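Reading through the structure tokens given below for one structure.
The values are calculated or read from the model by the stated rules, or taken from the named source; none is laboratory data. Nothing here was measured: the structure is a model prediction, and the numbers come from that model. Please note: Cβ atoms are built from the backbone with ideal geometry, for glycine as well, and neighbour counts cover all protein chains shown.
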Amino acid sequence: MSTAGELEQVYTGWRYPKEWLTEGFYLESPKLTYKDGYYYMTSAQGGTAGPATSHMIVSARAASLDGPWENSPHNPVIRTKHRREQWWSKGHGTLVDTPEGDWYLVYHAYEKDYYPLGRQSLLEPVTWTADGWFTAGDQEAGAAPAIGLPSKPDRALVSEESGGLGLHWHFWGGVHREDYRIDKNSVVLKAVPGEQSGPLLCIPVHHTYTAEVTIAVEDGAYGTLGLFYKLGFHYGIGFDGREAFAYRNGNTSERSAASGGSVTLRLINDEHEVSLYFMDAKGEWSKLDHGFEMSGFHHNVLGGFLSLRIALQASGAGEVRFSGFKYRAGL
């Protein structure tokens, strides 16, 4: 694949009203679809994040790739019109069709008031008009379909089918992805010195959720159960073999003695407010006083187009064993 000939600009986008609140004009990500003698260009404008009303999907068509390109009379095909809506910054759409002849727009958006969950994928049916344009969603209300989420999504550390690490788990930045082993139903992470190691992550999907894991450590190592956005923004609870402690970007506080060789750590995120618990050999849950408020852990504050993920991390020297991981919606 290579370019041929001189660079030529054939399309400049759709000029939305200046009074609209966006992140910027930012014409980007054109996708081409050929249908019934026309090339349809589906593009993003308005900025991927920023204000709730920023992003949008626009359409243009032409009989030739060289143009002239005609903007759709239905632009923007999809857009968040007001921050009261369920989905914010709706945009970056792709037209897809099925073998049955149905058409859809796949795009992403942020859920209202839940930026830390990151951009989520949405799907809307497309209707083709008699004059060859397409529309999607409720054009008056700007509505998007609700997404049903399982109350008990599979987040097991070890897959029952493969016996390996669950596919929904991933290492931050791909680093240290070989520094683990599976031992029966446990994942044993090699402890890495310092706080710049890549934790093992999975994506939560609920407004309120509880995560638990049992941790056993070797001398010189400590393990944590936390919430991670990116390096330098990682909060949670940990265990070093003797004490449970609150954990914030590598700094520990409120240490509490924990008896036995392992503890079960619990983290509850209740609509951005996080509380921390541990259970040692005595079999009773103890709550730390230290808690966190994490509604600001998202792209508009920290950049990166990331999300707040559940994190397991082994630090220091030696190994940390993680077992019995549980994730559930609610408290």
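Side notes on the structure shown:
- Here 58, 10 are screened, and the one residue that is within 16 Å of residue 133 (Cβ to Cβ) and either under 31 Å from the mean Cα position of the chain (by Cα) or free of Cβ contacts under 8 Å to residues at least 60 places away in the same chain (or both) is 58.
- Of the residues 64, 2, 43, the single one that is of a type in the set (Gly, Ala, Ser) and either under 23 Å from the mean Cα position of the chain (by Cα) or under 25 Å from residue 109 (Cβ atoms) (or both) is 43.
- Taken over region 13-34, the criterion of being in contact with a Ser or Thr (Cβ under 7 Å, 6 or more places away or on another chain), without any contact (Cβ under 8 Å) to a residue 40 or more places away in the chain and either within 19 Å of residue 63 (Cβ to Cβ) or of a type in the set (Gly, Ala, Ser) (or both) is satisfied by 30 alone.
- The sole residue among 48, 42, 33 that is in the same structural domain as residue 97 (by TED's automatic domain parsing), modelled with pLDDT under 95 and either assigned to a strand (DSSP E or B) or surrounded by 15 or more Cβ atoms within 10 Å (Cβ to Cβ) (or both) is 48.
- For region 296-331, the set of residues classified as surrounded by fewer than 16 Cβ atoms within 10 Å (Cβ to Cβ), on the phi > 0 side of the Ramachandran plot and in a strand (DSSP E or B) consists of 324 only.
- Hey, residue 200 closer than 30 Å to residue 121 by Cβ, outside the structural domain of residue 296 (by TED's automatic domain parsing), surrounded by 18 or more Cβ atoms within 10 Å (Cβ to Cβ) and modelled with pLDDT of 90 or more or not: no
- Taking each residue of region 169-185 that is under 16 Å from residue 198 (Cα atoms) and looking for partners that are surrounded by 15 or more Cβ atoms within 10 Å (Cβ to Cβ) and among the polar types (S, T, N, Q) with beta-carbon atoms closer than 6 Å, six or more apart or interchain, yields 176/197.
- Search result, residues across region 115-139 that are part of a loop (DSSP other than H, G, I, E, B), in contact with a strand residue (DSSP E or B) (Cβ under 9 Å, 6 or more places away or on another chain) and closer than 25 Å to residue 88 by Cβ: 118, 119, 137
- Any hit, region 77-96, residues being among the charged types (D, E, K, R), over 17 Å from residue 126 (Cα atoms) and in contact (Cβ under 8 Å) with a residue 60 or more places away in the chain: yes
- Number of positions in region 83-114 that are closer than 20 Å to residue 308 by Cα, assigned to a loop (DSSP other than H, G, I, E, B) and of a type in the set (Gly, Ala, Ser): 0
- Test set (1) under 19 Å from residue 136 (Cα atoms); (2) in contact with a Phe, Trp or Tyr (Cβ under 9 Å, 6 or more places away or on another chain) - residue 108 fails condition number: (2)
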